[in-house]
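**Student:** Have a look at this one.
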Amino acid sequence: GDSVTQMEGPVTLSEEAFLTINCTYTATGYPSLFWYVQYPGEGLQLLLKATKADDKGSNKGFEATYRKETTSFHLEKGSVQVSDSAVYFCALSDRRSNTGKLIFGQGTTLQVKP
Amino acid sequence: EPEVTQTPSHQVTQMGQEVILRCVPISNHLYFYWYRQILGQKVEFLVSFYNNEISEKSEIFDDQFSVERPDGSNFTLKIRSTKLEDSAMYFCASPQANTEAFFGQGTRLTVV
């Protein structure tokens, strides 16, 4: 079945450092890809998305490009802030099924130190 | 931004008791989902609900679980006889087809 694999955390960075969180997927259909963020004590919020190959999703300085050839959707940010400390989840949704069901990766904890 | 509301935010219950978790999804959405996140682990799909019936459920969603939309707006998840391993964060989600899902803030269930 479909699955999502993320790099293990925690990832600890200093403020203004460059961030990459790797995400790869396995899917038999045509997935849409998402990054969700969970701040401490809060629910899941959509960070960005991409619905087809070569699309780039971006929001709040974060970017991720849908790479079909490498089945990847790595999250990047050029300069992280302490306020970016959170758990980041990569997820996919199979567009063929048209139901919006999400399959999540295991989550990567990011800690940004001042 | 559309909002999904869940109540309560935290529920503590004794093992063997029944709990009902409530969600008010986005009104014009057709699918509703429950997900579970055991502390420190991935978010797992439990069940999807469409047109007032279950459309898909995971192996986690056994006979102890049920979902209802009792009054056309609220969407509930019931656990009939809670076990310690049911302790988790439960999220309600309200997606649109092929677009992002909007999640509630979650209910933290603690079974003691």
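**Student:** On a C-alpha basis, how far is the centre of segment A:1-52 from the centre of segment B:38-109 in Å? Whole number, if you could?
**Tutor:** So the separation of the two Cα centres works out to 21 Å.
**Student:** Okay, next question. Sum up the charges of everything whose Cβ sits under 14 Å from the Cβ of residue B:66, counting Lys and Arg as +1 and Asp and Glu as -1, but leave residue B:66 out. Let's see the in-between values first.
**Tutor:** Details: positive: B:22, B:57, B:69, B:78, B:80; negative: B:18, B:53, B:62, B:63, B:68, B:86.
Residues close to residue B:66 contribute a combined charge of -1.
**Student:** Would you mind giving the mean number of other chain beta-carbons within 10 Å of the Cβ of each residue in A:37-45, as a whole number? Before the final figure, lay out the partial values.
**Tutor:** On the way: counts 0, 6, 0, 0, 4, 3, 14, 12, 5.
Mean number of neighbouring Cβ atoms from other chains: 5.
**Student:** Provide the descending list of Cα extents for chain B along its principal axes, expressed in whole angstroms.
**Tutor:** 37, 26, 24
**Student:** About the Cα centre, and with charges only on the beta carbon of Lys, Arg (+1) and Asp, Glu (-1), how big is the dipole of chain A? Nearest 20 debye, please.
**Tutor:** Values: 11 positive and 12 negative charges, 74 e Å.
Charge dipole, chain A, about its Cα centre: 360 debye, nearest 20.
**Student:** Under a crude label model (7 Å from the Cα following the beta-carbon direction), how far is residue B:26 from residue A:8 in nanometres?
**Tutor:** 3.7 nm
**Student:** On to the next question. Which entries in the list A:68/B:42; A:68/B:78; A:56/A:101; A:60/B:83; A:77/B:78; A:60/B:78 go over 31 Å, if you measure between the two C-alpha atoms of each?
**Tutor:** Working: A:68/B:42 24 Å; A:68/B:78 40 Å; A:56/A:101 21 Å; A:60/B:83 40 Å; A:77/B:78 40 Å; A:60/B:78 37 Å.
Correct reply: A:68/B:78; A:60/B:83; A:77/B:78; A:60/B:78.
**Student:** Kindly state, to the nearest 0.05, the FRET efficiency for residue B:50 paired with residue A:17, given R0 = 30 Å and r defined as their beta-carbon distance.
**Tutor:** Numbers: r = 44 Å, r/R0 = 1.46.
According to the calculation, E is roughly 0.10.
**Student:** Looking only at A:70, A:20, A:12, which one moves most when chain A is put into a Gaussian network model with springs between Cα atoms under 10 Å?
**Tutor:** A:70
**Student:** Separate question: Per residue of B:40-46, how many C-beta atoms from partner chains lie within 10 Å of its own C-beta, taken as a mean?
**Tutor:** Numbers: counts 4, 2, 9, 12, 2, 4, 0.
So the per-residue partner count for this stretch is 5.
**Student:** DSSP loop (so not H, G, I, E, B), at most 16 other Cβ within 10 Å: list which GluC sites (Glu not before Pro) in segment B:42-109 pass both filters.
**Tutor:** Numbers: sites: B:44, B:53, B:56, B:59, B:68, B:85, B:100; in loops: B:59, B:100.
When the GluC sites (Glu not before Pro) of segment B:42-109 are filtered for loop state and at most 16 Cβ neighbours within 10 Å, B:59 remain.
**Student:** Which of B:49, B:91, B:32 moves the most in a Gaussian network model of chain B with Cα springs under 10 Å?
**Tutor:** Taking springs between Cα atoms under 10 Å, the residue moving most is B:49.
**Student:** Taking the Cα centre of segment B:10-112 as origin, work out the dipole magnitude from +1 charges on Lys and Arg Cβ and -1 charges on Asp and Glu Cβ, in debye rounded to 20. Numbers along the way, then the final one.
**Tutor:** Working: 9 positive and 12 negative charges, 55 e Å.
Computed charge dipole of segment B:10-112: roughly 260 debye.
**Student:** May I pose another question? Under unit Cβ charges (Lys, Arg +1; Asp, Glu -1), what dipole magnitude, rounded to 20 debye, does the protein assembly as shown have relative to its Cα centre? Can you show the working numbers first?
**Tutor:** Values: 20 positive and 26 negative charges, 22 e Å.
So the magnitude is around 100 debye.
**Student:** Now a separate question. Given an 8 Å cut-off on Cα distances and at least 6 residues of separation, report the relative contact order of chain B as a percent.
**Tutor:** With pairs under 8 Å counted, the relative contact order is 39 percent.
**Student:** Can you pull out the GluC sites (Glu not before Pro) in segment A:29-114 whose DSSP state is coil and whose Cβ has at most 15 other Cβ atoms within 10 Å? Provide the component values of the computation, followed by the final result.
**Tutor:** Details: sites: A:42, A:63, A:69, A:76; in loops: A:42, A:69.
Those satisfying the criteria are A:42, A:69.
**Student:** Same structure again: Can you spot the aspartates and glutamates whose alpha carbon is less than 15 Å from residue B:57's alpha carbon? Ignore those fewer than 8 places along the same chain.
**Tutor:** Counting by Cα, and skipping residues close in sequence, residue B:57 has these aspartates and glutamates nearby: B:44, B:68.
**Student:** From the residues B:75, B:88, B:29, which one has its Cα farthest along the dipole of chain B in the positive direction, the dipole being from +1 and -1 charges on Cβ of Lys/Arg and Asp/Glu about the Cα centre?
**Tutor:** B:88
**Student:** Residues of B:59-71, mean number of Cβ from any other protein chain within 10 Å of their own Cβ, rounded to a whole number? Can you show the working numbers first?
**Tutor:** Details: counts 0, 0, 0, 0, 0, 0, 0, 0, 0, 0, 0, 0, 0.
Taking all residues of B:59-71 together, the mean is 0.
**Student:** Separate question: Contact order normalised by length for chain A, with contacts defined as Cα pairs under 8 Å and 6 or more residues apart; what percent is it?
**Tutor:** Working: 306 pairs, mean separation 41.8, N = 114.
This gives 37 percent for chain A.
**Student:** Next question. So for B:15, A:7, fewest C-beta neighbours within 10 Å to most, what's the order?
**Tutor:** Details: B:15 12, A:7 17.
So the ranking, lowest neighbour count to highest, is B:15, A:7.
Readers should treat all values here as calculations from the given coordinates under stated rules, not as data from a laboratory. Model, not experiment: these values are computed from the prediction. Glycine gets a Cβ as well: all are built from the backbone with ideal geometry, and neighbour counts include every protein chain shown.
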